[in-house]
Amino acid sequence: MRLGRIVAVLAALACLAAAADPADKLANPAQEARAKALFSQIRCVVCQNESIDDSEADVARDLRQAVRREVAAGDSDAQVRDYLVQRYGEFILLKPRFSAGNAALWLAPFLIVLIGVSILAIQARRAPLETTSEATELTPDEVKRLSALKDV
């Protein structure tokens, strides 16, 4: 139990040591706010499902510095995103831009399911018709037995 507490305290100290260095922040509060807003839109390439704002990976720190450098240089948010997309690909954005390729990726599974359901529906409509037509035809022996039942 005591070892668990020691490990927890050491982990907490490690997290505090990994906190952002105040020297990294931009002097202009408006630029820093813009940079922080951009951090939440950019994916950490190591963590993949975390923004660079939430990640403590070295790559995320480097990306934060690159974003701050671009913002300090006077680039717009769109220019900063374009720079990162050019360098790392569209994957770097947590919310990818709308494009034909992305639309195809998102719509393809729905189209495949729709086609499959359509094929199943067509097959289900045809199957009862085929079995019903065979079931209504009586053999000559069945016709004789049916006539005998009617006469009784």
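General observations
- Output for the stretch 116-150, where each listed residue is among the polar types (S, T, N, Q) and modelled with pLDDT of 85 or more: 118, 123, 139, 147
- Matching residues in the stretch 88-116 - criterion: being small (Gly, Ala, Ser) and farther than 19 Å from residue 55 by Cβ: 99, 100, 101, 103, 104, 108, 116
- Candidate set: the stretch 23-49, residues that are surrounded by 16 or more Cβ atoms within 10 Å (Cβ to Cβ) and not in a helix (DSSP H, G or I); chosen: the one nearest to the chain's Cα centre (by Cα): 43
- Residue match in the stretch 95-115 (condition: modelled with pLDDT of 90 or more, farther than 15 Å from residue 31 by Cα and among the basic types (Lys, Arg)): no
- Selection count, the stretch 93-125, where residues are under 13 Å from the mean Cα position of the chain (by Cα), outside any loop (DSSP other than H, G, I, E, B) and of a type in the set (A, V, I, L, M, F, W, C): 5
The values are calculated or read from the model by the stated rules, or taken from the named source; none is laboratory data. Please read all numbers here as calculations on a predicted model, not as lab measurements. Cβ sites come from the backbone with ideal geometry, for glycine too, and all protein chains shown count toward neighbours.
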